[in-house]
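Chemist: Before anything else, here's the structure in question.
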Amino acid sequence: MVGPLALIVIGAATVLAAWAAWFVVRDRAVILRQLWGGAVVEGLMVVQAAVALVLVLNGTGSPEPGTFWGYIVVQLMILPFAAAWAFAERTRWSSVVLLVACLTVVFLEYRLLQIWMG
Amino acid sequence: MGIKLPEQTAPAPGSTSSGPGRALVAVYGVFALAATARAGFQIATKLGEAPLAYLLSGLSAVVYVVATVALAKGSPRARRVAWAAVLVELVGVLAVGALSLLDASDFPDETVWSGFGAGYGYVPLVLPFLGIAWLWHTRPRGPSTD
């Protein structure tokens, strides 16, 4: 359950990263629709965290709980920061921030998957 | 929905935290967050296993937090702090990177700077150079300075 969800999160965050990269090239600031996209990714990660929590409570835990939950907490914090930034910085550089945020989410998700698989 | 983003504008020159600087602060912020979470966990749970590596991990977290805040503030005093932070960061990543290769037993890939940041796509190695370049690029220019 965590595996497929992780792949969905990676896919969604990668699409959003590509969208942001396109905006960087086109010299455009983040638009609201991208923030809704970010909200979808964030929602998927919340679902994933809830699923992982249920699985852990049922005894099918991850081998490194400290690192695993640390990554989940950090991962959940990143996109809200990028969204706040999009309101403050109304230049193409907000798109760079969103791109960095999405790539960070993808990287953390990849690491989460590695830890979960053991 | 009632939410609306402000109109797009042109970047304002001369500040460490606007335009490209904002992207740089964001990257520093990510590393501040990642290094703090990692070091906090290491120091709280297993400091005795590899004290040197975990304390250096803690140092890297402090450096990233200080650099993030200083670059985001960008006042003359904050700029000096930012210079110090990025220079410590540069020395740190080079020293820890070299140490981790020479003495692998004490550094089981446990800090952001191990292997010159190989575990983080070598971003920790590139970041101090970007920080230095950006502080240099945004340095105050006028008859009374430089």
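Chemist: Checking the conditions here, which among B:Leu101, B:Leu125, B:Leu135, B:Leu94 is touching a Phe, Trp or Tyr at 6+ places or on another chain (Cβ under 9 Å), of a type in the set (A, V, I, L, M) and at pLDDT below 85?
Modeler: B:Leu101
Chemist: Also, quick follow-up: As an exercise: evaluate B:Gln42 against (1) surrounded by fewer than 19 Cβ atoms within 10 Å (Cβ to Cβ); (2) over 20 Å from B:Leu90 (Cα atoms); (3) at pLDDT 85 or above; (4) more than 7 Å from chain A (Cβ to nearest Cβ) and give the number of the one condition it does not meet.
Modeler: Among (1) surrounded by fewer than 19 Cβ atoms within 10 Å (Cβ to Cβ); (2) over 20 Å from B:Leu90 (Cα atoms); (3) at pLDDT 85 or above; (4) more than 7 Å from chain A (Cβ to nearest Cβ), the lone unmet condition for B:Gln42 is (1).
Chemist: All but one of (1) part of a loop (DSSP other than H, G, I, E, B); (2) within 11 Å of chain B (Cβ to nearest Cβ); (3) open to solvent by 30 Å² or more (accessible area, probe 1.4 Å) hold for A:Thr60; which doesn't?
Modeler: (2)
Chemist: Say whether the condition of being within 10 Å of chain A (Cβ to nearest Cβ), farther than 18 Å from A:Ala86 by Cβ and part of a helix (DSSP H, G or I) is met by at least one residue in the stretch B:47-60.
Modeler: The answer is no, given that none of the residues of the stretch B:47-60 is within 10 Å of chain A (Cβ to nearest Cβ), farther than 18 Å from A:Ala86 by Cβ and part of a helix (DSSP H, G or I).
Chemist: May I pose another question? Within the stretch A:18-41, how many residues turn out to be more than 14 Å from chain B (Cβ to nearest Cβ) and buried (at least 18 other Cβ atoms within 10 Å of the Cβ)?
Modeler: So the answer is 2.
Chemist: Further question: Would you check if there is a residue in the stretch B:114-121 being modelled with pLDDT of 85 or more and open to solvent by 60 Å² or more (accessible area, probe 1.4 Å)?
Modeler: no
Chemist: Next up: Quick one: count up the residues across the stretch A:101-118 that are more than 21 Å from B:Leu5 (Cβ to Cβ), open to solvent by less than 60 Å² (accessible area, probe 1.4 Å) and at the interface with another protein chain (Cβ under 8 Å from one of its Cβ atoms).
Modeler: Total meeting the criteria: 1.
Chemist: Now a separate question. Which of the following residues is of a type in the set (S, T, N, Q), at pLDDT below 90 and loosely packed, with under 13 Cβ neighbours inside 10 Å: B:Thr16, B:Thr9?
Modeler: One residue alone meets the criteria, B:Thr9.
Chemist: Next question. Quick one: in the stretch A:72-100, which of the residues that are more than 8 Å from chain B (Cβ to nearest Cβ) and closer than 18 Å to A:Val2 by Cα is surrounded by the fewest Cβ atoms within 10 Å (Cβ to Cβ)?
Modeler: By that ranking, first place goes to A:Leu76.
The values are calculated or read from the model by the stated rules, or taken from the named source; none is laboratory data. On a predicted model such as this, the values are computed, not experimentally measured, just so you know. Neighbour counts run over all protein chains shown; Cβ positions are idealised from the backbone, glycine included. Please note that ligands, DNA and RNA were not included when accessible areas were found on the heavy atoms of the full protein model with its side chains. Shrake-Rupley method; radii C 1.70, N 1.55, O 1.52, S 1.80 Å.
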